[in-house]
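Here the structure comes first, spelled out in structure tokens, and everything after it is commentary.
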Amino acid sequence: MGVTVDVRGRVVTGLEDARARTLRMLAPVGDADLVRQVSPLMSPLIWDLAHVGHYEELWLLRNVAGASPTDERFDDIYDAFKHPRRDRPSLPILGPTEARAFVADVRNRVLDVLASVDLAGDDPLVRDGFVYGMVIQHEHQHDETMLATLQLMDDFAHPDASDWRPGAVDSVSGMVGVDAGPFLMGSDDAWVYDNERPRHQAEVAPFRIDRAPVTNSQYRAFVEDGGYDDARLWGAAGWAWRQETESAAPQFWRREGSGDWSRRRYGRQEDLPPDEPVQHVCWHEADAFARWRGARLPTEAEWEKVAAMDGEPDAPRHMLGGVWEWTATDFHRYSGFASFPYREYSEVFFGPEYKVLRGGSWATDPSVQRATFRNWDYPIRRQIFAGFRCAEEA
Ligand code: AVJ
Ligand code: FE
């Protein structure tokens, strides 16, 4: 009984915190900016908001309680698989007022259902609050996506953005050696995603890894050394990407003549902070830097083994909550993986097109930050809050 009460309280707090964050973030954004398409890579912000409400209705009202849908057309409009992001502005999506009313109405009904749902029963969907945890994490992941959209708006200075950046990594430098040996990878905790399961023994050979993510000043040295124009540093796909990309520097960087670098961050131009982890680099940019340094990207197993060292005196730092870190590894299933509760969260993405990112960024809520969490994206994507650290053979 006591356990169930705790889970219910954790669910209510988690739902409320996620919604407060979402609404606070969108409050200063005008209606025209909510409905417009900022980039073909992103949805209109208001699509994300109603999609969050639709996902919550689907899982916490329709699947948990057998409720009927608010509007059957939403299953098409707000299904991320039916329409690519670039097509979403032409859909008959809800406007700002309607979308806010929709998500609020869903939430009220969700809290009613939650009051009497059996969180200690046998149904794996609701046991220990799993599906509630899924919906909370989903909203936070879309909040992060919306932060990427806001950063792509060159003419909108969000009033809350002063801390929307990774923390500096000053006084941490160099590499640390990690011994070979088995460790436990993945998790069977109640709220983790299917792609993190099952917890299993993994092996890595001895290796060395950076104590901190690569910083802007370190990355700048690569830029100024002509790294972007040296084909030997780029893989074939990376060099093809490089030919199509005009800027020979991370996205949002700018240089006046041969002087200092600045960057645009949430609509404001500012000096490039040297000790912050570099972010908005794609996998190819990370990979090229690593070669330039005579190193490589860590595998996701190496990364997770290091994250599990947390608390040891020699443990690398800034593993969680600074920038997402690109790894060398393609997004694949762990042995024993079982899709749950739906194939479109993870399973349909397994394969060589996606690279795994680890760690979580400053934009990632703590409920989505853990040593076992696996993010993934195309190796050409730069709008996400991604950086990296390097590794090498021991
Ligand atoms: C895990 C960040 C790749 O945004 O596509 C959101 C998370 N899944 N809605 C994504 C997600 C369904 C997903 N990523
Ligand atoms: Fe989604």
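Just so it is clear, none of the values below were taken in a lab; they were calculated from the coordinates. In this text, all values refer to a predicted model and were calculated from it rather than measured experimentally. As a convention, Cβ positions derive from the backbone with ideal geometry for all residues, glycine included, and neighbour counts pool all protein chains shown.
Using a Gaussian network model of the chain in which every pair of alpha carbons under 10 angstrom is joined by a spring, one finds that among ALA328, ALA205, ALA248 the greatest mean-square fluctuation is at ALA205. Over segment 2-159, the reciprocal of the mean inverse Cα-Cα separation, the Kirkwood hydrodynamic radius, stands at 16.3 Å. Karplus-based coupling profile of segment 229-245, in residue order and whole Hz: 10, 9, 4, 5, 8, 10, x, 4, 5, x, 5, 4, 4, 4, 5, 8, 10, with θ = phi - 60° in 6.51 cos²θ - 1.76 cosθ + 1.60 and x standing for Gly or Pro.
Backbone geometry of segment 163-178 corresponds, through the Karplus equation with coefficients 6.51, -1.76 and 1.60 at θ = phi - 60°, to 3J(HN,Hα) couplings of 9, 7, 6, x, x, 5, 10, 4, 6, 10, 8, x, 10, 10, x, 10 Hz, x marking Gly and Pro. Between SER162 and ALA338, the distance separating the two model label sites (each 7 Å from Cα on the Cα→Cβ line) works out to 5.1 nm. The alpha-carbon atoms of segment 100-247, seen along their principal axes, cover 63, 51, 35 angstrom, with the largest extent given first. Per-residue ellipticity at 222 nm from helix content only, as computed over the chain with -39500 (n - 2.57) for each DSSP H run of at least four residues, stands at -10000 deg cm²/dmol. What the phi angles of segment 304-311 give under the Karplus curve with 6.51, -1.76 and 1.60, with θ = phi - 60°, is a coupling list of 5, 4, 5, 4, 6, 7, 3, x Hz, glycine and proline written as x.
As a length-normalised measure over Cα pairs under 8 Å and 6 or more apart, the relative contact order of segment 182-301 settles at 27 percent. Here's the picture: charge each Lys and Arg Cβ at +1 and each Asp and Glu Cβ at -1 in segment 2-159, and of GLY95, PRO69, GLY121 the one pushed furthest to the positive end of that dipole is GLY95. Inter-part distance, segment 13-37 to segment 65-133, computed on C-alpha centroids, equals 16 Å.
P(r) tail for the chain: Cα pairs beyond 29 Å make up 46% of the total. The distance from the alpha carbon centre of segment 306-330 to that of segment 203-246 is 19 Å, rounded to a whole number. The fraction of all Cα pairs in segment 301-352 landing in successive 10 Å bins from 0 to the largest distance is 20, 37, 33, 10, 0, given as whole percents.
Here the chain is assigned +1 on the Cβ of each Lys and Arg and -1 on the Cβ of each Asp and Glu. Its dipole about the Cα centre then comes out at about 380 debye.
In this Cβ point-charge picture (+1 for Lys and Arg, -1 for Asp and Glu), segment 175-393 has a dipole of about 300 debye about its Cα centre.
Comparing mean-square fluctuations of PRO206, PRO277, PRO44 from a GNM of the chain with C-alpha springs under 10 Å, the top value falls on PRO206. Would you please give the residues with an amide H less than 5 Å from that of ASP189, counting only those at least 5 places away or on a separate chain, with H modeled from the backbone geometry? Correct list: empty.
Where does the Debye-calculated log10 I(q)/I(0) of segment 196-249 sit at q = 0.15, 0.16, 0.26, 0.30 Å⁻¹, using only Cα point scatterers of equal weight, no solvent? Summing over Cα pairs of segment 196-249 leads to -0.69, -0.73, -1.05, -1.18.
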